[in-house]
Structures are given as C-alpha cells and as structure tokens.
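To start, the structure itself, in structure tokens.
The values are calculated or read from the model by the stated rules, or taken from the named source; none is laboratory data. Only a predicted model underlies this, so the values are computations on that prediction, with no experimental measurement involved. Note that we place each Cβ from the backbone using ideal geometry, even for glycine, and neighbour counts take in every protein chain shown. Just so you know, the surface numbers come from the protein's heavy atoms only, side chains and all, with ligands and any DNA or RNA stripped out. Shrake-Rupley method; radii C 1.70, N 1.55, O 1.52, S 1.80 Å.
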Amino acid sequence: MEIQIKGTIIPNDDKQLYEYFGFENTCPNDVSAALENADGDDIDIYINSGGGEIFSATEIYSAIQKYKGNIRLHVTGLAASAASVIMCAGECDITPTSMVMIHNVSSLAYGNFKDFKHESETLRKADKAMCSAYVHKTGKSESEILPLMDKETWFTAQEAVDLGLCDRVVGRETLVNAYCSIVTDQQRNEYIKAAKKAKAQLRLEKIKGDVKI
C-alpha cells in the first residue's frame, strides 16, 4: 500500500478549507485512515512537503510509529520543517536530488511583554520537543541538533544520510523495487505478460525487416 504525504501539514479541522481552495495538503486523519485500511500490510510512505503545523506532524509521526506492519518512508522531493519530523518516524531513504531542512518552531503572538516572554519560553520547549525526533533518529545529542535547527540547516541527500536523518540515498532501481513490492501479484503478472508480448512483437518486426522480398 502507498501513502502520499504532500503539501502543507495541517490540522484535521483545516482540511475542508484547503480542499476548497485546491491547496495540496496532508492532515493526521488522512494518514490514520490509510494506516487503518492497510490493516497490517506493508506500506510505503512518500514525502514531498515543506512542512506545516507541528502538532499535526507529531500526530502523524506517532501514528506511523504505532503501526504494527512494516513501513518504509521515502523522501522524493523535500522533507522540511514539520515534514522532516515525520520523516524520522521509521526507516527512510531519500532520492539523490531531494533535500531535508530542519529549523526552529515559529508562531504568532499578541499581547504585552509578559505574553511575549511566555511565548518565547513555549517556543524553546517546542524546539526541544521537535528535536527529540531528530535525536531519536540520528543518535546525536540534543546539543548537536539544536544549533542546526537554530540556524535553519538545509541538507543534500547525502548530508542527510551522513547525519543519520535518512538511512540511505536511493536511485531509480530501488524506487521501482519499492513500487513493485506494493502491487498485487495479478498486476505484476499482467505487466510481465504485456512486456513479453511487446518484446515478441519487436522481434517479429525485426525479422520482417531483415527479409528481403
């Protein structure tokens, strides 16, 4: 089975609004429903997202980690901000041209100096909460990861693997194998049959071309 995590990561209550305006999005209910329907079967999750709301990303992260079957995550474009947290939920590969970005949590605030001080402290704690996903995935310490978040760090595919955020860089062959693992036996057999037929047709046309009349 395949799950796509694309567009902005949003709360469930914002789904209807994003759908109305045609904005690509993923909410926790999307992923939870897909995981429930998979019923323990192997799942491939493809990520191409610039991030979004952190608590929605955390809910998705937790749902993936609780799934009883096998899950493989694949970064096929961008895993930035909240999406990079989701990326850390399990074994993950990344295509050579993809990128990963981690940074500090941000929010809007209104009020007096006490309100802003409180918001600042809350954001620091939120940074540490998100950092825990990277720490768990990479085995690095919080003191190593927080400075990377603080300066908004962008990683190439290989840099993400070197840090431990992703497990390996993959090419076309690996992605094809991942796709083939989620198609049914009937689909696979039909593809093989069609390929053999096409190959036989090409051979016949070549023979005809070699015959001189």
Check: Once fully extended, how much extra length lies between residue 1 and residue 13, figured as 0.36 nm per residue of separation less the alpha-carbon to alpha-carbon distance?
Finding: 1.7 nm
Notebook entry, point to check: What is the ratio of the Cα radius of gyration of the range 61-101 to 2.2 N^0.38 Å, where N is its residue count, to two decimals?
Noted result: 1.15
Check: Rounded to a whole number, what % of the accessible area of the range 106-166 do carbon and sulfur atoms account for, probe 1.4 Å?
Finding: 54 percent
Next item on the list: Starting from the Cα-Cα distance between residue 168 and residue 41, subtract it from 0.36 nm times their residue separation and give me the gain in nm to one decimal.
Entry: 43.4 nm
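Given a Förster distance of 22 Å, report the FRET efficiency between residue 159 and residue 91 from their Cβ-Cβ distance, rounded to the nearest 0.05.
Details: r = 18 Å, r/R0 = 0.84.
Working from the Cβ atoms, E equals 0.75.
With 28 Å as the limit, write out which pairs from 15/151; 125/151; 6/68; 15/117; 68/137 have Cα-Cα distances beyond it, or answer none.
Values: 15/151 31 Å; 125/151 17 Å; 6/68 23 Å; 15/117 32 Å; 68/137 19 Å.
Over 28 Å Cα-Cα: 15/151; 15/117.
What accessible area per residue, rounded to a whole number of Å², is obtained for the range 115-177 using a probe radius of 1.4 Å? Mind showing how you got there, number by number?
Values: 3930 Å² over 63 residues.
Ligands and nucleic acids excluded, the result is 62 Å² per residue.
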